[in-house]
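The values are calculated or read from the model by the stated rules, or taken from the named source; none is laboratory data. Only a predicted model underlies this, so the values are computations on that prediction, with no experimental measurement involved. Using ideal geometry, Cβ is built from the backbone for each residue, glycine included, and neighbour counts are taken over all protein chains shown. Remember, those area values only see protein heavy atoms, side chains included, never the ligands or the DNA or RNA. Shrake-Rupley method; radii C 1.70, N 1.55, O 1.52, S 1.80 Å.
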Amino acid sequence: MAMPELHPARFWDTASGTSVRCRLCPQQCEVPDGGSGRCGARANRGGRLWSRVYGNVVALHMDPVEKKPLYHFLPGTPILSAGTVGCNLRCLFCQNWSLSRAEELDAPGVDAPVRRFVSPKSLVDAAAAANCPSIAFTYNEPTIQAEYVMDVAAEAHAAGLRTVMVTNGYITRTVIDEVYRDIDAANVDLKAFDDGFYRSECEGSLGPVLATLEALVARGVWIEVTTLLIPGLNDSPEAMRAEATWIRDHLGPDVPLHLSAFHPDHRMLDRPPTSPATIRACRDAAREAGLRYVYEGNLDTDARDTHCPSCNAAVVRRTWGSVRDTAIRDGRCEHCGTAIAGVWS
Ligand code: SF4
């Protein structure tokens, strides 16, 4: 990976001598002078921590907001989506590893992704020019480019645009209020409701992700949760019941849950794709646990529509990544008047 321009990082302090400690995420990397943190995005040069990815946009697309996935946030609108490289977890099953594995892109013979510098104002101007009401930080883990996220989000709010994080939720609890100051919504990956899974499959831990979810709800950030169901690892209805019960009790029954089908990728090529029957059994378990909005993703399914929790009418009907029609007015079901949780305008 060619060295991009360095930008001063925040959320660090001196560890010892010229080593620094990054405080941005629970990895809490000690980074020696000349080295990088495990995400590959933050480097120590001369005893100071720098961002290697500030404004270095590798992927930039206008997507339907449903593809994030966010189903209860400005449905049917386009969202300008930007990402760079690197991640602070190392999931063996990563479904987007060409962007997440920054250090593997340093390997000889691997083509580095094309980068371009996009200033915060340029990104916001591009979203406004394309009539996107919101901007997403996505594709790789946006936490590790917190300085860019914060600057873009502030510009976006000044311009009347909304902002979205698509994140693994692996961020230090004490920095959440600063990093999410101008963030309106997030889709948070809850990879499994199992600390052992996080440790063996992701080189992380479960507790900080749960703490992030609770903190975002407390801040008033609209959140939706995604769990990728991997055959034999986290796809039992019992595990899903435990996860859904925690979501119901700690985040509320109105938080949408997206159950997504795995396909073999990266370093997990020995497991089959998730079957539709498994996804359906987990969806049933989550609904039985009390969650009102549970969706299926990454497969052909009829479980993409939003139903009113009172009269069961379909209030948002969707196809792959788009909205067919809605029956929500002023945040309420047009048929019976029940409030439907979400950000609808
Ligand atoms: S953000 Fe990167 S450098 Fe900082 S603690 Fe996390 S993995 Fe380490």
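Summary table below
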item	result
Value of Rg/Rh across segment 7-51 [Cα atoms, Kirkwood radius]	0.89
Translational diffusion coefficient (Stokes-Einstein; Kirkwood radius from C-alpha pairs) of the chain at 10 °C, 1.306 mPa s, in µm²/s	77
Max mean-square fluctuation residue, GNM over the chain, Cα-Cα springs under 10 Å, options Thr174, Thr163, Thr84	Thr174
Proximal charge balance of Trp12 [Cβ under 15 Å; K/R count +1, D/E count -1]	+3
Geometric extent, Cα atoms of segment 169-256 - Rg, Dmax (angstrom)	13.0, 39
Surface share of carbon and sulfur [accessible, 1.4 angstrom probe, percent] for the chain	49
Alpha-carbon spread of segment 145-304, three principal axes, descending order, Å	46, 34, 28
Zone residues, segment 262-296, relative to Trp246, backbone N less than 15 Å from point 7 Å out along Cα-to-Cβ	286
Cβ-based charge dipole, segment 271-340, positive-most Cα from Trp320, Pro273, Ser310	Pro273
Within segment 56-304, percent of DSSP bridges classed antiparallel, to nearest 5	25
On Cα atoms only, tilt of 237-250 relative to the major axis of the chain in degrees	80
Pairwise label distance in nanometres, Trp344 with Ser16, each label 7 Å out on the Cα-Cβ vector	5.9
Estimated [θ] at 222 nm from DSSP helical runs (n ≥ 4, -39500 (n - 2.57)) normalised by residues in the chain, nearest 500	-6000 deg cm²/dmol
Segments 29-35, 61-67, 268-274, 182-188 sorted - mean Cβ within 10 Å per residue, highest first	182-188, 61-67, 29-35, 268-274
Cα gyration tensor of segment 305-345 - equivalent ellipsoid semi-axes, whole Å, descending	16, 11, 8
Å² of accessible area per residue within the chain, as computed with a 1.4 Å probe and no ligands counted	40
Cβ charges +1 (Lys, Arg) and -1 (Asp, Glu), total dipole of the chain, debye	340
On Cα atoms only, tilt of 146-158 relative to the major axis of the chain in degrees	60
Approximate shape of segment 238-315 as ellipsoid semi-axes (Cα gyration tensor, √5λ), whole Å, largest first	24, 16, 10
